[in-house]
Amino acid sequence: MRDYLAEVFAMLGPGGDRFANPEAWAGLEAELGTKLPEDYKAVIDAYAPMQVNGHLYLKHPATERWNLGKEIRETSRAWAELDWEREDWLEPEENARAVLGLSEVTFGTKDGLIPLTSTDRGEYIFLAPLPDGTGRRICAVEHDGSWYEYRMSFAEWLYRYLIGEDMVGSNSSAFYPGPVLLEPLPMSPDDRPTPTHGPHRGM
C-alpha cells in the first residue's frame, strides 16, 4: 500500500513538532466524541500552525492562537446554522446530505462532519462518515457551496492537493511548481516568523 503520509513528509521536509501534545489531542477528541485520523494528527503535530503554499491553513489543538479546537467549534457552529432539512433552496451539488449520502447532516459531532482545515479561498475540508457507518472519508466544500467527496485518507488528499490535483471540486487546483512554501503563523502580535520551503521537487 502506498504510504502517502511519508510522501507528504518528504514533500514538506522535516517538521518541527513544536507543539506536539498528546493531552491536547485527547481533550479535543473527548470533546468531539471520536478519534481523529492518525495521519492527520501527525501532519498537524509536525507543521502547525502553518499556512501551506499561500492558501491552506493547518491549526493545532495545543496553541492559544490558531487553535484547532476553537476553529472546529466556530466552523461547525456556522455550518450547523444552515437549514439542511429544507432542500428546496439548495442546488443538487449544494445539498451535503445528498452528495454524501447521509440521512442527516450535523457538524462537529461524533457522527457528523468535522472540519479539518480550510483555505483563504473560502474552501473547507471535512472528515465525514460513510453512509454505511463503516468508516470515514474526506469531503470538501468550495466557496460557492458545492460539496465533493474524496474516499481517501487525509494524507492522500493532502498529497494530491500539493501536486496540483483538483481536490476541492473541478478546476480547484492550487498548484505551485517548485518546493512547497511553508509559512509559520505568528504566535503573538509581534511575531514575524520566517517562511521556509520544503525540499526541491521536480515539478
- Taking Glu29, is it open to solvent by 40 Å² or more (accessible area, probe 1.4 Å) and of a type outside the set (Ser, Thr, Tyr)? no
- Task: Using the structure shown, decide if Gly101 is within 30 Å of Ala24 (Cβ to Cβ) and either open to solvent by 40 Å² or more (accessible area, probe 1.4 Å) or small (Gly, Ala, Ser) (or both).
- Result: no
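Conditions tested, residue by residue: (1) in contact with a His (Cβ under 9 Å, 6 or more places away or on another chain); (2) under 25 Å from Leu181 (Cβ atoms); (3) basic (Lys, Arg).
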| site | (1), (2), (3) |
| --- | --- |
| Tyr40 | no, yes, no |
| His55 | no, yes, no |
| Leu58 | no, yes, no |
| Ala62 | no, yes, no |
| Arg77 | no, no, yes |
| Asp83 | no, no, no |
| Pro92 | no, no, no |
| Ala98 | no, no, no |
- Only one of Glu156, Glu165 is acidic (Asp, Glu) and in contact (Cβ under 8 Å) with a residue 40 or more places away in the chain; which? Glu156
- If we keep only residues of the range 175-203 that are among the β-branched types (Val, Ile, Thr) and surrounded by 13 or more Cβ atoms within 10 Å (Cβ to Cβ), then the residue modelled with the lowest pLDDT is Thr196
- Query: Which one of these is among the β-branched types (Val, Ile, Thr) and open to solvent by less than 20 Å² (accessible area, probe 1.4 Å): Thr134, Thr117?
  - Reply: Thr117
- Out of (1) hydroxyl-bearing (Ser, Thr, Tyr); (2) touching a helix residue (DSSP H, G or I) at 6+ places or on another chain (Cβ under 9 Å); (3) more than 28 Å from Arg65 (Cα to Cα), what's the single condition that is false for Ser170? (2)
- Among the residues listed as Pro115, Pro177, the single one being in contact (Cβ under 8 Å) with a residue 24 or more places away in the chain, farther than 21 Å from Gly69 by Cβ and not polar (S, T, N, Q): Pro177
- Note on the structure: Here the residues within the range 6-15 that are open to solvent by less than 40 Å² (accessible area, probe 1.4 Å) and touching a residue at least 40 places away in the same chain (Cβ under 8 Å) are Val8, Met11, Leu12, Gly13
- Identify, please: which residue in the range 147-171 is assigned to a loop (DSSP other than H, G, I, E, B) and open to solvent by less than 10 Å² (accessible area, probe 1.4 Å) and is, among those, nearest to Ala6 (Cα to Cα)? Met167
- Gly122 vs. criteria open to solvent by 10 Å² or more (accessible area, probe 1.4 Å) and more than 21 Å from Pro49 (Cα to Cα): no
- Item | Residues that are touching an Asp or Glu at 6+ places or on another chain (Cβ under 9 Å) and open to solvent by less than 70 Å² (accessible area, probe 1.4 Å), drawn from the range 88-97 | Glu94, Asn95, Arg97
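The values are calculated or read from the model by the stated rules, or taken from the named source; none is laboratory data. Please read these numbers as outputs of a predicted model, since none were measured by experiment. Heads up, the Cβs are rebuilt from the backbone with ideal geometry, glycines too, and the neighbour counts pull from every protein chain shown. Heavy atoms of the whole protein, side chains included, go into the accessibility calculation; ligands, DNA and RNA do not. Shrake-Rupley method; radii C 1.70, N 1.55, O 1.52, S 1.80 Å.
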